[in-house]
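The values are calculated or read from the model by the stated rules, or taken from the named source; none is laboratory data. Just so you know, these numbers come straight off a predicted model, no measurement behind them. Please note: Cβ atoms are built from the backbone with ideal geometry, for glycine as well, and neighbour counts cover all protein chains shown. Surface areas here come from the heavy atoms of the whole protein model, side chains and all, with no ligands, DNA or RNA. Shrake-Rupley method; radii C 1.70, N 1.55, O 1.52, S 1.80 Å.
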Amino acid sequence: MVPASDGSGLICRLGADGMAVGDTRQVPDLAAAVAAQEPGATTTASVDGDADAPRWVWRSSRLAYPHLLRVGVRVARCHDIDLTQALLDARDGQRAGAGEPVQTAEPLPSASGSLELPFDVEASDVADPWQQMRELIAAHARQLDRIGADADARRFGLLVAGESAGGLVAAEMTSAGLPWRADVHDRLLTDALGPRPRLASGLALRPGRLAELGAQITAALGAVRSVNPDSPAQLLKALAASGIRLPSTRTAVLRTVDHPVIPLLIEYKELARLFTANGWSWLDTWVSDGRFRPEYVVGGVVSGRWASRGGGALQIPKLLRRAVVADPGWTLVVADAAQLEPRVLAALAGDRAFAEAARSGDLYEAVAAAIGGERATAKVALLSAMYGGTGGEAGQSLALFRRRFPQASAFVESAARAGEEGRVVRSVLGRACPPPSAAWLSVTSDPADPEHDRDPGATRAARARGRFTRNFVVQASAADWALVLLAVLRGQLASMSGGAAAGDDTATATDHTAADWRHQPHLVFFQHDEVIVHSPSNMAAEVVAAIEAAAGTATRMVFGATEVSFPMTTAVVDCYADAK
């Protein structure tokens, strides 16, 4: 389908090879035409949604799906051309980034997520939708060929389906929004910072508590002039004048000093971060109608982890979790995968001893028993294996880990060697890490003239890339598992009957659907290994069971017949802060 800005659009049926079957037809109401093709509630709990539903091929769920959701149309399956292209390009060696979230120059959506046009389309799309359809069909067919040519087409196809399903989930979570009590948020800010400061020249003045701390910091340093704690240069100069010479004002550095000003500085930094990142301005911008609606960026990091565009959705401070409160008659089902990445390593390596340890509820305790140490020592050893730590206590505990779990150790060591040699590693489903940059190749290559020494930074650069690839295979595979979990859970939630109690007005029926999908349990938050489902209270137990079943299905789909378990820690709460 190709949408137009006025709500109309083009639809064309495709065959198994991705090519057109019949003529493209123009429809005056694209949302109604899409709804007519959907078979109703999703009944198949799979990564692909309802197998009887059509798979919509469109350029981007981010562009096409929000309008459908606004008018109550929810689709079961799609093939997202943009997301798939990114996976294919990365697999085939086209460098897309260096581990940072995707950056765009596009304007942010409003807090309500509303758009002026029915469909968010670009000017080129509006100019000639027929040409857009021809290009879309051709691009889809090429992608199917490239997916089929993969060394493990089944697994890579699962990754593509999961990534596209993730695009649907992301749009749905933005549309539904995370329940957020603005009054609670305001009270929390007032308790921590003092009353909301007034504006001066369009900018908010420093809140009362920060002003008090600023004066106390100046007094503790014995400074003649007022010290601005927001200025690292000014602060370092004032500290030096008091005999405290530091390389930076980072909190970790400050904690190494014993001086009365240090607790004041640390408190100031924490409160200043709250004020700037999630203060009243954030509240005004991102919360409306009782919902926080960020825009999620699927695969925004090269490992497959998600990012967010504006609002800092993946970094909700613990203090503000008090503001995440379920609607009356509803509840929040909060679930996270316990010690996900170490368990993923156990499944990837096929280390039977490590898999046995991973059956335990607390993997670190099990590893500690296996290597004959304390839990803290076992945790250091395991994290060192995955992240490449070797010094001090890490080196000693890592040696114990290697002896007890040789296959798990060999797996990450192999990934590290591949990185050091400039090779590309892939996740369990085939997501590829970025190839080495031209600068890295230049530094690490052997000199053409044998009389010249190799660049002195070559070893350091090689080891740094080895640490990256060592962790990539684990983190990216964990992202694969979480993505499939998310897609499977979405299908299971969509199949649930029942819903909000009579009189609930959190969602309404539309011209296109008999009942809004928000009446059912639905996902409202996802972060790496954690999901939150907003559910009618009387369906919470069913949602908990669905999450556990989705975890088991995701494990089988991603890792096959593994002995490793992936337990989910689940809490049913009214407030997010009470989940942990």
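Could you list, in sequence order, all residues of the range 309-326 that are closer than 14 Å to Pro179 by Cβ and small (Gly, Ala, Ser)? If the condition is that a residue be closer than 14 Å to Pro179 by Cβ and small (Gly, Ala, Ser), then Ala313, Ala323, Ala326 are the ones that fit. When the range 357-375 is filtered for residues that are of a type in the set (Gly, Ala, Ser), in a helix (DSSP H, G or I) and open to solvent by 40 Å² or more (accessible area, probe 1.4 Å), only Ala369 remains.
Taken together, the residues in the range 306-354 that are at pLDDT below 90, more than 17 Å from Val531 (Cα to Cα) and touching a strand residue (DSSP E or B) at 6+ places or on another chain (Cβ under 9 Å) amount to 3.
Of the residues examined, Arg343 is not one that is basic (Lys, Arg), open to solvent by 10 Å² or more (accessible area, probe 1.4 Å) and touching a residue at least 12 places away in the same chain (Cβ under 8 Å).
Could you list, in sequence order, the residues of the range 247-256 that are among the hydroxyl-bearing types (Ser, Thr, Tyr) and surrounded by 15 or more Cβ atoms within 10 Å (Cβ to Cβ)? Listed by number, the list holds a single entry, Thr249.
Within the range 189-236, being polar (S, T, N, Q) and modelled with pLDDT of 90 or more holds for Thr190, Gln216, Thr218, Ser226, Asn228, Ser231, Gln234. Scanning for something touching a strand residue (DSSP E or B) at 6+ places or on another chain (Cβ under 9 Å) and crowded, with 22+ Cβ neighbours inside 10 Å, does the range 181-192 turn up at least one residue? Scanning the range 181-192 turns up at least one residue that is touching a strand residue (DSSP E or B) at 6+ places or on another chain (Cβ under 9 Å) and crowded, with 22+ Cβ neighbours inside 10 Å.
Of the candidates Thr190, Thr218, Thr174, the single residue that is over 26 Å from Glu295 (Cβ atoms), touching a helix residue (DSSP H, G or I) at 6+ places or on another chain (Cβ under 9 Å) and of a type in the set (S, T, N, Q) is Thr218.
The set of residues in the range 257-281 that are surrounded by 20 or more Cβ atoms within 10 Å (Cβ to Cβ) and either within 23 Å of Val531 (Cα to Cα) or touching a strand residue (DSSP E or B) at 6+ places or on another chain (Cβ under 7 Å) (or both) contains only Asn278. Any residue at all in the range 367-379 that is among the polar types (S, T, N, Q) and at positive phi? No, the range 367-379 contains no residue that is among the polar types (S, T, N, Q) and at positive phi. Is it true that some residue in the range 376-397 is surrounded by fewer than 18 Cβ atoms within 10 Å (Cβ to Cβ) and at pLDDT 85 or above? The answer is no; no qualifying residue exists. Does Glu267 satisfy being out of contact with any Asp or Glu (no Cβ under 9 Å at 6 or more places or on another chain), acidic (Asp, Glu) and over 24 Å from Arg291 (Cβ atoms)? Judged against the criteria, Glu267 is a match.
Collect the residues in the range 524-576 that are surrounded by 17 or more Cβ atoms within 10 Å (Cβ to Cβ), assigned to a helix (DSSP H, G or I) and hydrophobic (A, V, I, L, M, F, W, C), keeping them in residue-number order. Across the range 524-576, the qualifying residues are Met539, Ala540, Val543, Val544, Ala546, Ile547, Ala550, Ala551, Ala554, Met557, Val558, Phe559. Of the residues making up the range 300-331, those that are open to solvent by 20 Å² or more (accessible area, probe 1.4 Å), under 19 Å from the mean Cα position of the chain (by Cα) and of a type outside the set (A, V, I, L, M, F, W, C) are Arg305, Ser308, Arg309, Gly310, Gly312, Gln315, Pro317, Lys318, Arg321.
Among (1) in contact with a Gly (Cβ under 6 Å, 6 or more places away or on another chain); (2) open to solvent by 20 Å² or more (accessible area, probe 1.4 Å), there is one condition Val428 misses while meeting the rest; what is its number? Result: Val428 passes all but (1). Among the residues of the range 193-210, just one is assigned to a helix (DSSP H, G or I) and open to solvent by 50 Å² or more (accessible area, probe 1.4 Å), namely Arg209. Only one of the numbered conditions (1) modelled with pLDDT under 95; (2) open to solvent by less than 60 Å² (accessible area, probe 1.4 Å); (3) closer than 27 Å to Arg309 by Cα is violated by Leu239, and that is (3). Every condition in (1) at pLDDT below 95; (2) in contact with a strand residue (DSSP E or B) (Cβ under 8 Å, 6 or more places away or on another chain); (3) over 15 Å from Ala335 (Cβ atoms) holds for Trp517 except the one numbered (2). Please list, ordered by first then second residue, the pairs with beta carbon atoms under 8 Å, 6 or more apart or interchain, first in the range 257-284 and touching a residue at least 60 places away in the same chain (Cβ under 8 Å) and under 26 Å from Asp186 (Cβ atoms), second open to solvent by 50 Å² or more (accessible area, probe 1.4 Å) and in a loop (DSSP other than H, G, I, E, B). Within 8 Å, the pairs are Ala272/Asp230; Trp280/Arg196. In the range 222-234, the count of residues that are without any contact (Cβ under 8 Å) to a residue 40 or more places away in the chain, open to solvent by less than 30 Å² (accessible area, probe 1.4 Å), in contact with a helix residue (DSSP H, G or I) (Cβ under 8 Å, 6 or more places away or on another chain) and on the phi < 0 side of the Ramachandran plot is one or more. From Arg402, Arg423, which residue is surrounded by 15 or more Cβ atoms within 10 Å (Cβ to Cβ) and either under 26 Å from Ala461 (Cβ atoms) or not hydroxyl-bearing (Ser, Thr, Tyr) (or both)? Only one candidate qualifies: Arg402.
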